[in-house]
Amino acid sequence: MKGKAKEDGASALKKGLSVLSCFSWQKSRRTLTEIARELNLPLSTAARLTRALEEEGFLERDKKNKLFSLGFQCYLLGAIAKKTGELRTMALPYMEDLRKKFNETVNLYVREGDSRVCLEQVESTLNLKRSAKLGDRFPLWAGASGRCFLAFMAEEEVYRILDEAESLTPNTILDRKVVLEKNSELRRRGYSLSFSEREQGVSSVAVPIFDASPQPAACMTLSGPTARFTEEMIRELIPALKRTCLELSLRLGAEHRSVSFLETDV
């Protein structure tokens with residue numbers, strides 16, 4: 001029964017997505033009959049699907065002529081996809097340059113709810129390296145990358161996230177006072193360091209990336225085995241990563257004065 005329910009759910013999802021795919025530049029508005037005919041669905045099934053999509057904001061229906069069009073949720077998802085797509089394209093050459101210079105894995109993360117999601121990655125060419133899969137999700141409360149987002153959130157929101165946090169390694173920082181101090185340090189210095197906070201034996205340096213809004217649009221991180229993250233290497237890495245994220249921020253529309261803390265001499 002469980003397998004059948006799962007199959008039915010996947011089938012309904014595919015049908016719902018098929019309804020959305022009926023719309024195009026040439027056919028931006030459609031009647032219920034047109035949708036049913038194009039997808040070879042019974043009218044009752046098409047009505048049920050369009051009603052569910054309308055309730056969730058993926059379709060809108062004109063009250064006068066009854067024509068369906070794509071709803072605001074589709075616009076919102078499209079805007080997010082456009083933004084993240086542009087960010088990936090823009091960031092990739094910088095990521096490749098950083099990998100070439102330091103030969104450690106470079107990751108680009110965006111925030112999604114209480115998680116950070118790997119949007120792009122350029123891996124180290126060394127056998128021993130730290131890597132993630134595109135789309136992998138990680139908590140905001142563990143590691144330098146998460147702190148790039150946590151540091152710009154309201155204090156009560158930070159507390160809420162910490163209330164649900166758990167220790168992943170002996171170095172995971174969960175003490176509220178220490179977390180707030182680390183957040184303040186990042187806002188002042190423009191970068192964050194992590195030594196085995198989320199994954200034992202892995203160190204990382206992360207810097208936020210901004211657009212025109214006051215919240216980080218993303219962050220860029222270099223990470224790898226702690227043994228290779230020497231003081232000398234980190235001293236060289238920090239200004240290079242900050243310069244990269246400052247340039248990306250300005251290209252994304254951030255005002256220079258709002259991201260001046262990313263200047264390498266700060």
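Look at the range 160-175 and say how many of its residues are surrounded by 12 or more Cβ atoms within 10 Å (Cβ to Cβ) and in contact (Cβ under 8 Å) with a residue 24 or more places away in the chain. Selection size over the range 160-175: 8. Applying the criterion of being open to solvent by 40 Å² or more (accessible area, probe 1.4 Å) and basic (Lys, Arg) to the residues of the range 121-139, the residue that is modelled with the lowest pLDDT is 133. Every condition in (1) under 23 Å from residue 248 (Cβ atoms); (2) in contact (Cβ under 8 Å) with a residue 12 or more places away in the chain; (3) in a helix (DSSP H, G or I) is met by residue 185 except one, and the failing one is (2). Applying the set (1) touching a residue at least 24 places away in the same chain (Cβ under 8 Å); (2) open to solvent by 80 Å² or more (accessible area, probe 1.4 Å) to residue 259 leaves exactly one unmet item: (2). Residues in the range 237-252 that are in contact (Cβ under 8 Å) with a residue 40 or more places away in the chain and open to solvent by 40 Å² or more (accessible area, probe 1.4 Å): 247, 251, 252.
Taken over the range 48-103, the criterion of being closer than 16 Å to residue 22 by Cα, under 21 Å from the mean Cα position of the chain (by Cα) and touching a residue at least 40 places away in the same chain (Cβ under 8 Å) is satisfied by 74 alone.
Okay, residues lined up against (1) within 30 Å of residue 242 (Cβ to Cβ); (2) aromatic (Phe, Trp, Tyr); (3) open to solvent by 40 Å² or more (accessible area, probe 1.4 Å):
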site: 11; (1), (2), (3): no, no, yes
site: 50; (1), (2), (3): no, no, no
site: 53; (1), (2), (3): no, no, no
site: 69; (1), (2), (3): no, no, no
site: 77; (1), (2), (3): no, no, yes
site: 80; (1), (2), (3): yes, no, yes
site: 87; (1), (2), (3): yes, no, no
site: 97; (1), (2), (3): yes, no, yes
site: 101; (1), (2), (3): yes, no, yes
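For the range 106-118, the criterion of being of a type in the set (Lys, Arg) and farther than 22 Å from residue 215 by Cβ is met by none of the residues. Taking the criterion of being closer than 19 Å to residue 125 by Cβ and part of a strand (DSSP E or B), the residues of the range 208-230 that qualify are 220, 221, 222, 223, 224, 225. Scanning the range 176-202 for residues that are surrounded by fewer than 17 Cβ atoms within 10 Å (Cβ to Cβ) and among the aliphatic types (A, V, I, L, M) returns 178, 180. Among the numbered conditions (1) part of a loop (DSSP other than H, G, I, E, B); (2) exposed (fewer than 14 other Cβ atoms within 10 Å of the Cβ), the only one that residue 157 does not meet is (1).
Of all residues in the range 247-266, those satisfying the criterion of being touching a Gly at 6+ places or on another chain (Cβ under 8 Å) and closer than 18 Å to residue 98 by Cα are 262, 263. The residues of the range 17-48 that are surrounded by 13 or more Cβ atoms within 10 Å (Cβ to Cβ) and of a type in the set (Lys, Arg), listed by number, are 29, 30, 37, 48.
Taking the criterion of being of a type in the set (Ser, Thr, Tyr) and in a loop (DSSP other than H, G, I, E, B), would at least one residue in the range 80-92 satisfy it? No - not one qualifying residue is present in the range 80-92.
The values are calculated or read from the model by the stated rules, or taken from the named source; none is laboratory data. Predicted model, so just to flag it, every value in this text is computed and none were measured. For neighbour counting, all protein chains shown are included, and Cβ atoms are generated from backbone atoms with ideal geometry for every residue, glycine included. Note: accessible area is taken over every heavy atom of the protein model, side chains too, but ligands, DNA and RNA are not part of it. Shrake-Rupley method; radii C 1.70, N 1.55, O 1.52, S 1.80 Å.
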